[in-house]
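Please read the structure below before turning to the comments.
We did not get these values from a lab; they are worked out from the coordinates using the rules stated. Only a predicted model underlies this, so the values are computations on that prediction, with no experimental measurement involved. All Cβ positions, even for glycine, are placed from backbone atoms using ideal geometry, and neighbour counts span all protein chains on display.
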Amino acid sequence: MPDTSERSDPRERPPAIVAFLGDTPGRVAVRLILMSLLVGFLMAMFGVSPNDIFRSVERFFSGIFANGFGALRDAWGYVLTGAMIVIPVWIILRFASMGRRR
């Protein structure tokens, strides 16, 4: 009779680190290194440096603070405008689906 203790049960949960990473740490590290190499090569091809990215993010957040959150105020106006259409349509669809369930 073969020893079944060496076989792993397919329903058995993987270790926590493997469940979190999606694969073994070694394989994940190799994939991340290869993807980093590819992305770094493409960034260099297009003339983008990490410093450029950090400056862009910094400008983005400083622009938000400099505008006094005006962008958020504009977004709130868009939400209210869209709600004028979305809410009545949603209510009509809810009433229509109530009639079908019975």
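A few comments on the model shown:
- Residues of segment 54-101 that are of a type outside the set (D, E, K, R) and closer than 30 Å to Met43 by Cα: Phe54, Ser56, Val57, Phe60, Phe61, Ser62, Gly63, Ile64, Phe65, Ala66, Ala71.
- Leading residue by the ranking (surrounded by the fewest Cβ atoms within 10 Å (Cβ to Cβ)) among those in segment 59-71 that are more than 21 Å from the chain's Cα centre (by Cα) and in a helix (DSSP H, G or I): Phe65
- The set of residues from segment 47-88 being more than 30 Å from Ser36 (Cα to Cα) and among the acidic types (Asp, Glu) comprises just one member, Asp74.
- Residue that is surrounded by the most Cβ atoms within 10 Å (Cβ to Cβ) [pool: residues in segment 19-53 that are in a helix (DSSP H, G or I) and among the β-branched types (Val, Ile, Thr)]: Val28
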